[in-house]
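The values are calculated or read from the model by the stated rules, or taken from the named source; none is laboratory data. Fair warning: this is a prediction, and the values are worked out from it, not measured in the lab. Don't worry about glycine lacking a Cβ; one is built from the backbone with ideal geometry, like all the others, and counts go over all protein chains shown. The protein model used for the area step is the full one, side chains on, heavy atoms only, and it has no ligands, DNA or RNA in it. Shrake-Rupley method; radii C 1.70, N 1.55, O 1.52, S 1.80 Å.
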Amino acid sequence: MGGRLTRVFRTFNLESRARREISKEKPTPAPRHPTSRLDELADHPEIQEEIYRKDDRLLTLLKDVYVESRDPPAQVKVGGGEHLPCKQEEKRLTKLGNLGDLDVKKVPKGKISIVEALTLLNNHKLHPQIWTAEKIAVEYSLELKEVNSLLEFFIPFAVQEFPKETKKAIKPT
């Protein structure tokens, strides 16, 4: 519906509108700035002559210029034919996981899985004397600074259930 309506308005009286635009007088262009006119150069033949004249002194100086450029020698790798094995990250087995095949089996040292992170945060929350930052760092192969940041800034959720009150109205005090 909308396409048809716009097409009707777009094509309404098209020929007369086009004829009106064509018959309008063309606007006169704005006057040019005096410096942009090339006609002035034609008025002064001495300037034209100066432009096209060769200066022998400058030409000889230009011929004396010699530019020499050299690339630095290419660096050749010593023993490039040998293929050294890449250093592989040390990995450790994860501590927990009850999802079977979906669990992460190996984690690089210095990192922990999400399940481990939630477990260690919960253990520290429930038993902060037993699960200290030092023990967590040793247990999970982490740096002490990272463990302290983890315990400070990440807090596990605590679900709290409030007892439902059976009173229908609040007593005024």
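Summary table
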| item | result |
| --- | --- |
| Rounded to the nearest 10 Å², the accessible area of Leu62 at probe 1.4 Å | 120 |
| Segment Val65-Glu90, length gained on full extension (0.36 nm per residue, minus Cα span) | 2.8 nm |
| Cross-link pairs Lys109/Lys145; Lys91/Lys125; Lys91/Lys111; Lys109/Lys135 - those with Cα-Cα distance over 19 Å | Lys91/Lys125 |
| Per-residue SASA entry for Glu134, accessible area with 1.4 Å probe, Å² rounded to 10 | 110 |
| Heavy-atom accessible area ranking, 1.4 Å probe, most first, across Val65, Val147 | Val65, Val147 |
| In nm, spacing of pseudo-spin labels at Lys111 and His44 (7 Å Cα→C-beta vector) | 7.4 |
| Summed residue charge, Cβ within 15 Å of Ser23's Cβ, Lys/Arg positive, Asp/Glu negative | +2 |
| Charge sum, other residues only, whose C-beta stays under 14 Å from Thr132's C-beta, Lys/Arg counted +1 and Asp/Glu -1 | -1 |
| Amide proton proximity set for Lys111, modelled H, under 5 Å, gap of 5+ | none |
| Shape of segment 103-148, Cα gyration tensor, a/c cut at 1.5 | oblate |
